[in-house]
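Structure record follows, encoded as structure tokens.
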Amino acid sequence: METDEMNFEILQNVTKALKSSAKFIFTTLNGLFPLFNSINDFYEMDSNEKGARYKSNNFDLIAMRDYNVTTFCDDDGHEYKLECNERYYMPSEISWLLKTLGFSKIDFYGAKLGAFSRNDKLTVKDFEMLVIAEK
């Protein structure tokens, strides 16, 4: 989403939809990652010749948003460019947001791309984080 308010509204709606004893499980971009790592280096490792290519143009440290361009080709070989902005969250921000909405237990884990596990402790090397919250 393009604003923090939109993201909070999503969290509010999810909270309303969950039963009182439900777990809310999701991933989000780890705000610790861009403080210790290069986003472009990460994107470069993840890209390949046939897939999408990503380039971070500006990381706004105050807003914790990465302004980037995603370039990809469709099946007919036509190239497209999408200008994106993505919000990175600190674990403490997510914890505060979820506690504000009534979640009592909140756990964070490192999220490897495509392989999420509660065995992986969250570190500064994790691009994403897995969040598990209980009402």
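How much net charge surrounds Ala111 when only other residues with a Cβ under 13 Å from its Cβ are counted (Lys, Arg +1; Asp, Glu -1)? Present the calculation step by step, with values, prior to reporting the outcome.
Numbers: positive: Lys112, Arg118, Lys121, Lys125; negative: Asp107, Asp120, Asp126, Glu128.
Around Ala111, the surrounding residues sum to 0.
Figure legend: label point modelled 7 angstrom from the Cα of Met45 along Cα→Cβ; residues of region 96-135 with amide N under 15 Å from it are 110-115, 123-129.
Report the antiparallel proportion of the DSSP beta bridges in region 4-134 as a percent, rounded to a multiple of 5.
So the antiparallel bridges amount to about 95 percent of the total.
Ordering Gly114, Thr70, Ser104 by the projection of their Cα atoms onto the charge dipole of region 4-134, which places +1 on the Cβ of Lys and Arg and -1 on the Cβ of Asp and Glu, puts Ser104 at the extreme positive end. Contact order, relative form, for the chain: 30 percent (alpha carbon pairs under 8 Å, 6 or more residues apart, mean separation divided by residue count). Amide H to amide H distances under 5 Å link Met90 with Gly31, where only residues 5 or more positions off or on other chains count and H is placed in the peptide plane. Sorted from greatest to least, the principal axis extents spanned by the alpha carbons of the chain come out as 49, 30, 28 Å. Extension gain, Asp60 to Ile25, is 9.9 nm, computed as 0.36 nm per intervening residue step minus the present C-alpha separation. Counting only Cβ charges, +1 for Lys and Arg and -1 for Asp and Glu, the dipole size of region 34-135 around its Cα centre is about 600 debye.
Any read-out appearing in this document is the output of simple, stated calculations on the displayed coordinates, not a laboratory observation. Given the structure is predicted, the values throughout are model-derived calculations rather than measurements. Neighbour counts run over all protein chains shown; Cβ positions are idealised from the backbone, glycine included.
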